[in-house]
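Encoded as C-alpha cells, the structure appears first; notes follow it.
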Amino acid sequence: MRDLIHLGNKGFNLTELAAMGLPVPAGVITTTEYYRCREVVRSYSLAGHDFNERLREQVEAIEQETGLRFGNTRNPLLLSVRSGALISMPGMMQTIHNVGINDAIVRGLASWSGNPFFAWDNYRRFVQSWSMTFDVNRGLFTDLMRSAKRRCGVRKKREFTPEQMADLARDYHRAAEEIGIDIPDDPWEQLLAAINQVMDSWNLPKAREYRRIMNISDDWGTAVVLQRMVFGNLHRQSGSGVFFTAHPHRKLDRVVLWGDYATGDQGEDIVGGLVSTDAISLEQCRYDRRDPETCLESRFPEIYDALRCAARRLILERGWNHQEMEFTFDGPEVENLFFLQTRDMITAKGRNAVRAVFLDSPELRANLLTQGIGASGGVLCGVAVFNMEEILRKRGENPDLPLILIRYDTVPEDIREISRADGLLTARGGQTSHASIVAARLEKTCVVGCESLVVREASSRCEIDGEVIQYGDPISIDGNRGLLYKGWHPVATVWAGDVGF
C-alpha cells in the first residue's frame, strides 16, 4: 500500500523522504482505506479492537525509535495528527498538535525541557487545535490572547512569563469547556478521538467547497499522518518554516530557497499566517528588500545548508518537480532539523510568455502606499471589498469589476470569499501561508504581509500610514513585487525575461 492513493500526498512523500535518509519525525499513517471503512470499524467491536491493538504497536515502535513514552510524565511523547488527502488541500482539513498532553504531562514536559513557558504554550496550542476540530470560531482564542496581552502589558506572546502562559492555557481550557467541548484527560482517548476528528474534517464545509472549486472527488477520503512532535517553539534557537525550491516568480531553471520561517514558533503559525516571518535566503532578502541579517541563511547556516542540500538532491539528482517543503528545528545544529512535509510547488502558468506590469510613471510612484510580500499573480487594478456581502453586492452591480479582498489575515474558512474575489491583500502572513498557496492555486493575484496595514473589517476600511481605503475604493496590487497602490494605474505587457521573472 505504499502509494499515493492509500497514503495520501503528505504520507507518501514523507515515506519517500525517509527512505532517502532525510530526517523525518518517526510516525505512522492510517490509510485512506481505513477512512473508507471507518464506519464498519467504529460499529463492529472486533474490528475496533483490532485497530486499537495495531495502533498501540505502532506507537510503541515510535517510542522505541525516539526513547520517549506516550502518556509518560517524565519523558513524554507528544504526537501531531494531520490529514493527508491524495491531492493536497492546504488548511482545509484539521490538524491537532501535542496530542497526549494533560496537566500532569505539562509539568513533566516542563521538567524534561527545563522550560515551563514552552510546556504551557504546548498545552495552549493543543486546546486550541482540539477545539477547532469542533468548528469553534478562532476568534474565541484570539480574543483571549489579546485580552491576556493587554492585562499583562506585552505585545508578543513570547513576552509572557511562564506563570502568565499557564494562566492563559487554563483560560483556553475553561473557554472550551464552557461551550461544551470535552477534552479527554487520558492520552489514548485523545489519540483515538483525534484520528476520528481529523477524518471527519474531510466533510467540513470549507473542505467540501475547496473540492468543488478544484474539481476533486468527495469519495477519495483522507489518510491520517501521526508523527512525533518536533518543537519549533522550544526556545529562540528553534523554529519552523516553509520554503520553495525555486523562485516563485521566475523560470524554474535552478534551485534557490525561497520562503518563510520564524523562531520560537510551530509550523502551524507559519502556514496559518499567524506570525510575522523572515526570509529564508540572502537572495530572497535582496529581491524583497529585507534585512539580510534576519534570514535563515545568516542566522542558522547549518540548518540552511542542510535544507539546500536536500533540495538539490531531490530536484537535481532525483528529478522531482520543484517542491514546497515544511521543516522544523529544535536547535541550531543540523541534527536538530526535521522535514514535516513536501509537495509539488505551485507554478504560475506561462512563465516564459508575456507578463503584465504596471507602467512606471511619477503618478504610480506617488501613489505607492506600502510594500508587503508578492505571493502570486501579476498586477491587478480593482476595488476594495472586505467580506462576502460586499463581494456579492459588487458582483450584482457589475459582474466584470475586479474585486480585491482585504483582510488582516485569512483562515481556510475564507475559501468562498477568496474564490469569488480576483485578488487578495493581507496584513499578516508569508509567501508560503495557506492564504498564499490557495490564492496561487486559484490563480488569484495576492499580496500578503503588509505589516503597516491596519484592517478594520467590522467597518469595511483599512489604514496605511494615515491613508484610508474604504469599501469600493479603487486600489492596485502587484503580486510579483508585493506592492500596494492607491487608485487604478496603466498596465503594460512585457516579455517575462525583460523584467527578470
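The values are calculated or read from the model by the stated rules, or taken from the named source; none is laboratory data. The structure displayed is predicted, hence computed values, not measured ones. Neighbour counts are summed over all protein chains in view; Cβ atoms, including those assigned to glycine, are modelled from backbone coordinates with ideal geometry.
Could you please find all residues in region 295-306 being part of a helix (DSSP H, G or I), in contact with a helix residue (DSSP H, G or I) (Cβ under 8 Å, 6 or more places away or on another chain) and of a type outside the set (Phe, Trp, Tyr)?
Leu296, Glu297, Ser298, Arg299, Glu302, Ile303, Asp305, Ala306
Take Asp414 and tell me if it is without any contact (Cβ under 8 Å) to a residue 12 or more places away in the chain and farther than 24 Å from Cys285 by Cα.
no
Given the conditions (1) within 17 Å of Ile181 (Cβ to Cβ); (2) among the small types (Gly, Ala, Ser); (3) modelled with pLDDT of 95 or more, report the number of the one that Ala148 does not fulfil.
(1)
With the requirement that a residue be in a helix (DSSP H, G or I) and either in contact with a helix residue (DSSP H, G or I) (Cβ under 7 Å, 6 or more places away or on another chain) or in contact (Cβ under 8 Å) with a residue 40 or more places away in the chain (or both), what does region 206-246 give you?
Passing the criteria: Lys206, Ala207, Glu209, Tyr210, Arg211, Ile213, Met214.
Restricting to region 13-54, count the residues that are in contact with a strand residue (DSSP E or B) (Cβ under 8 Å, 6 or more places away or on another chain) and under 20 Å from Arg228 (Cβ atoms).
14
Name the pairs whose Cβ atoms lie under 6 Å apart, with the first residue in region 20-41 and within 14 Å of Val198 (Cα to Cα), the second among the β-branched types (Val, Ile, Thr) and surrounded by 20 or more Cβ atoms within 10 Å (Cβ to Cβ), and 6 or more positions between them or separate chains?
Ile29/Val225; Thr30/Val224; Tyr35/Thr222
Report yes if Val106 is assigned to a helix (DSSP H, G or I), within 28 Å of Asp269 (Cα to Cα), in contact with a helix residue (DSSP H, G or I) (Cβ under 9 Å, 6 or more places away or on another chain) and among the aliphatic types (A, V, I, L, M), otherwise no.
Yes: the conditions hold for Val106.
Quick check on Arg155: is it free of Cβ contacts under 8 Å to residues at least 12 places away in the same chain, in a helix (DSSP H, G or I) and either buried (at least 21 other Cβ atoms within 10 Å of the Cβ) or out of contact with any Asp or Glu (no Cβ under 7 Å at 6 or more places or on another chain) (or both)?
no
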